[in-house]
1. State which residue is farthest from residue 26 (Cα to Cα) when the search covers only the range 43-59 and only residues that are surrounded by fewer than 17 Cβ atoms within 10 Å (Cβ to Cβ) and touching a residue at least 24 places away in the same chain (Cβ under 8 Å).
2. Of everything in the range 9-28 that's in contact with a helix residue (DSSP H, G or I) (Cβ under 7 Å, 6 or more places away or on another chain) and in a loop (DSSP other than H, G, I, E, B), which residue is surrounded by the fewest Cβ atoms within 10 Å (Cβ to Cβ)?
3. What number of residues within the range 48-81 are modelled with pLDDT of 90 or more and either part of a helix (DSSP H, G or I) or of a type in the set (Lys, Arg) (or both)?
4. What number of residues in the range 60-96 are within 20 Å of residue 20 (Cα to Cα), of a type in the set (Lys, Arg) and without any contact (Cβ under 8 Å) to a residue 12 or more places away in the chain?
Amino acid sequence: MANKGQLRQKKIPMRQCLGCSEHKPKLELLRVVLSPDGEISLDFTGKKSGRGAYICRSAKCFEKAKKSRRLERNLDREIPEEVYAKLARELEDQDK
């Protein structure tokens, strides 16, 4: 009852980057989504439905995750090279 007049501090959800393996606040990371119909895309809002994997908003972490195949293992799906190219373009466009 001693905390009755105090505000509760909101819990910040943390996620692990698949590139650098650092834990960061969810809102700082970029979500890669496997939608229910099998399409893989980047989710800049964090609200798309489907299985998500998180990476930092940097090309360096994206390349690390691609090279180590962590995205494929996390999404339990083989990712074609064309999809990786599309994701890289989307990431570049977001940086501009």
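1. 59
2. Per the stated criteria, the residue is 13.
3. The number of residues fulfilling the criteria is 19.
4. 3
The values are calculated or read from the model by the stated rules, or taken from the named source; none is laboratory data. What you see is a predicted model, and the numbers here were worked out from it, not measured in a lab. Because the Cβ atoms are built from the backbone with ideal geometry, glycine has one as well, and the counts that use them run over all protein chains shown.
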